[in-house]
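Student: Sending over a structure as structure tokens; questions will come in a sec.
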Amino acid sequence: EKPLFIIDGGHNPQCIEALARSLDEYLPGQKVLFLLGVLADKDYETMLARLLPYGKKFFCLTPDSSRALSADELSTYLRAKGADAVSCTTAEDGVRRALEESGGETPVVACGSLYLMGEIREEIKAFLE
């Protein structure tokens, strides 16, 4: 809870739309830190366009899939759209950097690929121990 850390299974435009509506309802007007990775064969352009207005910063990861968009490609794409985005080498690196950036205050939202959610969950638990 300090910070609020949300793990959302949103990995396609319909799921990201539902996530955006939840952010509007539960965190109105707040910017969040996103921890995400996407698959290259998903409609990630639509997904990211919907998330951009909510993002204070994006911590990008590479999902463990041959279909993954690399963290470097994702962060480059987001920066070209005007976002503050960085590439992280591992889920551990991403979780650590997002939690440090949060300072216990800014909410962190993990989403984008189901391939990452279990690993992110384990890293959060390890970080908090």
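The values are calculated or read from the model by the stated rules, or taken from the named source; none is laboratory data. These numbers were taken from a predicted model, which means no experiment stands behind them. Ideal geometry is used to build each Cβ from the backbone, glycine not excepted, and the neighbour counts take in all protein chains shown. In case anyone asks, the SASA skips ligands and DNA or RNA and just uses the protein heavy atoms, side chains included. Shrake-Rupley method; radii C 1.70, N 1.55, O 1.52, S 1.80 Å.
Student: From 64, 84, 8, 24, which residue is touching a strand residue (DSSP E or B) at 6+ places or on another chain (Cβ under 8 Å) and surrounded by fewer than 16 Cβ atoms within 10 Å (Cβ to Cβ)?
Tutor: From the options 64, 84, 8, 24, the qualifying one is 84.
Student: Can you pull out the residues in region 25-57 that are over 21 Å from residue 82 (Cα atoms) and out of contact with any helix residue (DSSP H, G or I) (no Cβ under 9 Å at 6 or more places or on another chain)?
Tutor: Scanning region 25-57 gives 25, 26, 28, 41.
Student: May I pose another question? Only one residue in 98, 49 is out of contact with any strand residue (DSSP E or B) (no Cβ under 8 Å at 6 or more places or on another chain), closer than 24 Å to residue 26 by Cα, among the aliphatic types (A, V, I, L, M) and modelled with pLDDT of 95 or more, so which one is that?
Tutor: Only one candidate qualifies: 49.
Student: Does residue 119 fit the bill of being assigned to a helix (DSSP H, G or I), out of contact with any strand residue (DSSP E or B) (no Cβ under 6 Å at 6 or more places or on another chain) and open to solvent by less than 90 Å² (accessible area, probe 1.4 Å)?
Tutor: Numbers: assigned to a helix (DSSP H, G or I): yes; out of contact with any strand residue (DSSP E or B) (no Cβ under 6 Å at 6 or more places or on another chain): yes; open to solvent by less than 90 Å² (accessible area, probe 1.4 Å): yes.
It is true that residue 119 is assigned to a helix (DSSP H, G or I), out of contact with any strand residue (DSSP E or B) (no Cβ under 6 Å at 6 or more places or on another chain) and open to solvent by less than 90 Å² (accessible area, probe 1.4 Å).
Student: If you don't mind, there's one more thing I want to ask. Among what's in region 33-76 and is over 14 Å from the mean Cα position of the chain (by Cα) and among the hydroxyl-bearing types (Ser, Thr, Tyr), pick the residue that is nearest to residue 23 (Cα to Cα).
Tutor: 46
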